[in-house]
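To keep things clear, I will list the structure first and then write my remarks on it.
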Amino acid sequence: MQTTMVAALGALLLGVIALTPGCADQAAATGTSATASTRHQLTGAELYSIHCNRCHPERYPTERTAAQWKTITLHMQVRANIPGNQARMILKYLQDNSGR
Amino acid sequence: MKKHMKTSRWMTGLVAVGCAAGMGAAPRAAAEVSQADFDSLKDLVLKLSDQVQSLRQTNQLEQQLHEQDVQQIQQLQAKLAETSRTATDAQQKAVAASQTAPMPRVPIDEATVNHNFQILGDAEVQYAKTSGQNGSFVMADFAPIFLYRGGDNVLFESGFDFILQNNPQNSNPATPGATTTVNLSFAQLDYVINDYLTLCAGNLLLPLGTYSERSAGWLNKFPDSPLARGFVPGNGVGAELRGAAPLGESGALLNYAVYGVNGPSSSDNTGQAGSLDLGGNVGLRSDNVVANLHGNPTGGGRVAVFVPFKPHYDLELGLSAQSGEWDNAGQHLWTAGVADATLHLGPNLEAKGEYIVSRYGSDDLGNVTQQGWWAQVGYKLAGLNLEFPGINNLELVGRYDSVRDGMGGSTQRTSFGGVYYISNALLFEGAYEFLHSTDPTQADQIILQLSYGF
């Protein structure tokens, strides 16, 4: 019973998060999001070093093509819990420096 | 007047006489040029004549060179005209070809392709020598991960483990010396709902702690897993919502996940303590129907904070739990909790660990509480800036394990080893493990492993 209640509360919390993309997107569009107002905006290269080195040696961007990096970044976005906006910045860095 | 005319006559006479005298004296002056002056003038005239002759010859040579230059210019002009005609012809032919042949297809930028399939994964081969036994190559593992991306928000990913492993030495002589097994480590469909939430469904790697999602051979710096991971399942069939959201402006993240899976079950349909099967609540029922062994799935979740101070400097703290009924009769609850921590202090120092506790009810032993923890530290010698050959590729690692199984058994293990990075994806790992255990079959061992992540 307690397990069910905990799971229900968790699902409720995540449901609220799921229903708030409009607010987040609107804030980002108006430049008022936390990320946009960060004094030092992290670059894609920095985010790549921060997130990817947590679990494994960094791979060279030239090891994969642009399309492969798009798939791998989506895989790691889910696996390593990377917010979508940061994943896109990492992807841009990887694709800009990818193998052809 | 008469006198004046007389004077003029005298003047005229004097002039005439003077002229006559002068004309008579001139030949006398020419006759006075010396022979030396004449010879000198003659030499001068001859030299001038020679110079004129030399200039005339020089002029003839220059005239010849000029004529040659003119000829070369004419030849070059002819060649230029020919080249121009050739270029014009080629251009006309290209225009004609373009009018008759189809336009070549412009290659599509690969990054814009909306669907993509690829294979990642890892492979390992392992050698082990247990105290009192012969050493041998004990395992070869091929673990491909298949990724299929459909658009920007959909990903199907699955991982397999093809393992060739030696059987225990004391097994039945009729059994082969080695067995190949194929395990479906995970197979899940991911749908990215938004930047902060993803729905996953299928055979999931469970976020009970962090190890199960970071246990691939080339990610784990030891050839084997921490002992306490045996108290919790690594995967389960069900559905999950997971994601991360920024915390303030520092780059910190709140990670979260909540899931429901079939959960543990009983290996023999009883509620005996020893029959707990963490492998999953999917199997063959007593009525020969493949289905859930019981109808009550378990639920779980994880919440964590990830704080990056700067690249390569970060701290992650997480709490996770899972709970549900495990026996067929639905009389006993199985609950597990994990606290995990990971710290990076620069690119060369990593420390991480987990504390794991699980408790479940049973028919024979009542409540069984299992607990254990492990802590691991790794340091890459590149941080010392030594100039010995190859030393910058070496990472020294140490790990301590402690487990109590709740049924009187306990094991403590201290492991030392190293990882040599042949490349960023090809690793040679080695560890020596000192064991103190209530299980007499456990002994010290050395394990060597070659790992490759692709």
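The values are calculated or read from the model by the stated rules, or taken from the named source; none is laboratory data. Note that the structure is predicted; figures quoted are calculated from it, not measured. Every residue, glycine among them, receives a Cβ derived from its backbone with ideal geometry; neighbour counts consider all protein chains shown.
Beta carbons closer than 6 Å, at least 6 apart along the sequence or on distinct chains, pair a first residue in segment A:69-89 that is within 7 Å of chain B (Cβ to nearest Cβ) with a second that is among the β-branched types (Val, Ile, Thr) for A:78/B:198. When the test is whether a residue is within 13 Å of chain A (Cβ to nearest Cβ), hydroxyl-bearing (Ser, Thr, Tyr) and in contact with a strand residue (DSSP E or B) (Cβ under 8 Å, 6 or more places away or on another chain), residue B:323 passes it. Taking the listed residues B:141, B:190, B:152, the one that is assigned to a strand (DSSP E or B), under 23 Å from residue B:257 (Cβ atoms) and of a type outside the set (Val, Ile, Thr) is B:190, with no other qualifying.
Among the numbered conditions (1) over 23 Å from residue B:144 (Cα atoms); (2) buried (at least 19 other Cβ atoms within 10 Å of the Cβ), the only one that residue A:45 does not meet is (2). It is to be established whether one or more residues within segment B:159-182 are touching a Pro at 6+ places or on another chain (Cβ under 8 Å) and small (Gly, Ala, Ser). Yes, some residue in segment B:159-182 is touching a Pro at 6+ places or on another chain (Cβ under 8 Å) and small (Gly, Ala, Ser). Figure legend. Inter-residue proximity from segment B:293-313: first residues without any contact (Cβ under 8 Å) to a residue 12 or more places away in the chain and within 7 Å of chain A (Cβ to nearest Cβ), second residues part of a loop (DSSP other than H, G, I, E, B) and among the polar types (S, T, N, Q), beta-carbon distance below 8 Å, spacing 6+ or different chains. Indicated pairs: B:311/A:53. Scanning segment B:228-269 for residues that are of a type in the set (S, T, N, Q) and at pLDDT 95 or above yields one hit, B:255.
Of all residues in segment A:32-51, those being modelled with pLDDT of 90 or more, more than 7 Å from chain B (Cβ to nearest Cβ), within 20 Å of residue B:315 (Cβ to Cβ) and out of contact with any Leu (no Cβ under 9 Å at 6 or more places or on another chain) number 2.
A single entry from B:403, B:377 fulfils the requirement of being under 29 Å from the mean Cα position of the chain (by Cα), within 30 Å of residue B:322 (Cβ to Cβ) and outside any loop (DSSP other than H, G, I, E, B): B:377. Could we say that residue B:371 is touching a Ser or Thr at 6+ places or on another chain (Cβ under 8 Å), assigned to a strand (DSSP E or B) and not β-branched (Val, Ile, Thr) here? Considered against the rule, which asks whether it is touching a Ser or Thr at 6+ places or on another chain (Cβ under 8 Å), assigned to a strand (DSSP E or B) and not β-branched (Val, Ile, Thr), residue B:371 comes out as yes. Checked against the criterion of being touching a residue at least 12 places away in the same chain (Cβ under 8 Å), closer than 29 Å to residue A:68 by Cβ and more than 9 Å from chain A (Cβ to nearest Cβ), the candidates B:202, B:251, B:209 yield just one match: B:202.
Got a sec? Which of B:343, B:333 is within 14 Å of chain A (Cβ to nearest Cβ), under 25 Å from residue B:203 (Cα atoms) and in contact with an Asp or Glu (Cβ under 9 Å, 6 or more places away or on another chain)?
Step by step, each of B:343, B:333 is checked, and only B:333 is within 14 Å of chain A (Cβ to nearest Cβ), under 25 Å from residue B:203 (Cα atoms) and in contact with an Asp or Glu (Cβ under 9 Å, 6 or more places away or on another chain).
Have a look at B:441, B:411 and point out the one that is out of contact with any Lys or Arg (no Cβ under 8 Å at 6 or more places or on another chain) and crowded, with 16+ Cβ neighbours inside 10 Å.
One residue alone meets the criteria, B:411.
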